[in-house]
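For reference, the structure is listed below as structure tokens.
The values are calculated or read from the model by the stated rules, or taken from the named source; none is laboratory data. Remember, it's a predicted structure, so these values are computed and weren't measured experimentally. Cβ coordinates were reconstructed from backbone atoms using ideal geometry, including for glycine residues, and neighbour counts include every protein chain displayed. Only protein heavy atoms, including side chains, enter the accessible area calculation; ligands, DNA and RNA are left aside. Shrake-Rupley method; radii C 1.70, N 1.55, O 1.52, S 1.80 Å.
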Amino acid sequence: MPSAQDRCASLVRRFRRDPDASARTLLVTIFGDSIAPRGGEVWLGTLSRLVEPLGISDRLVRTSVQRLVAEGLLVARREGRLSFYSIAPAARHEFWEADRRIYHPRTATPWDGRWTVAVEAVGLPAPGRTALRQQLAWLGFGSLGGAVHVCPLDRVEELQHLLADLELTGQVVAFRGEVAAAGRTDKDLAQALTGDLQALQPFWRAFLRRFGPLAEDLAAAPSTVDPQDAFLTRTLLVHAYRRVVLREPELPAELWPLGWIGEQAYAAAAPCYRALADPADAHLRAVCANGGNALTPVDPAYADRFALLT
């Protein structure tokens with residue numbers, strides 16, 4: 001029977017042989033998973049050393065971070081001949097929202113049955129409208145068509161902060177209310193907003209085929225995993241998980257289908273992530289220290305990632 005070390009090494013070899021993610025998107029995962037909680041800045045050479053075992057060249061790393069800077073996700077800082085990169089201030093909210101959705105289980109807090117409704121003002125300029133709708137989607141809003149957006153969670157406070165950040169205060173009316181349409185239930189509205197959830201099932205099944213055996217091995221016989229393989233496997237795990245979970249709608253527990261496969265995926269990801277954390281962090285610290293870019297301790301705001309369900 002393969003050990004956890006064997007599984008991790010196999011996952012890394014599989015990615016090198018047949019990569020299923022671009023260097024650019026994988027670097028986004030590394031910034032969100034490993035760099036943001038530990039000071040937020042990293043030397044370019046360190047990034048190259050971290051991903052080189054995955055078959056990603058130094059040249060491709062340089063090209064990818066330049067694209068991320070151009071897209072507004074990263075900012076660069078020069079120190080002599082060295083280049084350091086961190087998450088751009090304007091992108092920090094997006095990374096934080098993704099962190100909340102990736103690493104934490106769906107809330108079990110009872111739903112009060114009310115929806116948050118946001119209505120755009122007439123004549124909202126196109127640039128502001130586009131930015132607003134992109135950020136509303138991150139907050140879990142769906143469109144009812146045109147200028148009306150709804151979310152089954154209480155997003156009034158977050159919406160106020162968002163409007164201030166976008167300099168759109170006074171351009172959107174927000175309130176909370178219940179569904180009152182005759183013959184239409186909350187689940188009907190949720191389904192209309194989110195589309196066909198079943199379309200995500202094949203992606204979750206692929207995730208479980210890939211990482212489920214590792215979760216079983218770690219649960220049956222926890223063992224030491226090589227630090228480098230632990231870091232690479234953790235990165236691949238988070239990357240694969242986030243690519244699906246961020247496509248899910250944000251819904252209270254009452255509006256999710258019973259036995260949703262995404263819960264099984266979380267239950268597999270959580271023990272893998274936590275078992276790999278110590279050796280993965282040891283590798284990260286060693287590579288950063290060798291590059292003269294020592295990391296700070298993990299920010300408490302990032303604690304309890306992938307808490308195990310009870």
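Some notes on this structure:
- Residue 232 passes every criterion in (1) within 30 Å of residue 52 (Cβ to Cβ); (2) part of a loop (DSSP other than H, G, I, E, B) apart from (2).
- Scanning region 276-310 for residues that are among the aliphatic types (A, V, I, L, M), assigned to a helix (DSSP H, G or I) and open to solvent by less than 50 Å² (accessible area, probe 1.4 Å) returns 276, 277, 280, 282, 284, 286, 287.
- Selection within region 246-275 - over 29 Å from residue 185 (Cβ atoms) and crowded, with 20+ Cβ neighbours inside 10 Å: 268, 269, 272, 273, 275
- Given (1) at pLDDT 85 or above; (2) among the basic types (Lys, Arg); (3) under 16 Å from the mean Cα position of the chain (by Cα), number of the condition residue 114 does not satisfy: (3)
- Of 154, 196, 217, all but one fail to be charged (D, E, K, R) and touching a helix residue (DSSP H, G or I) at 6+ places or on another chain (Cβ under 7 Å); the exception is 217.
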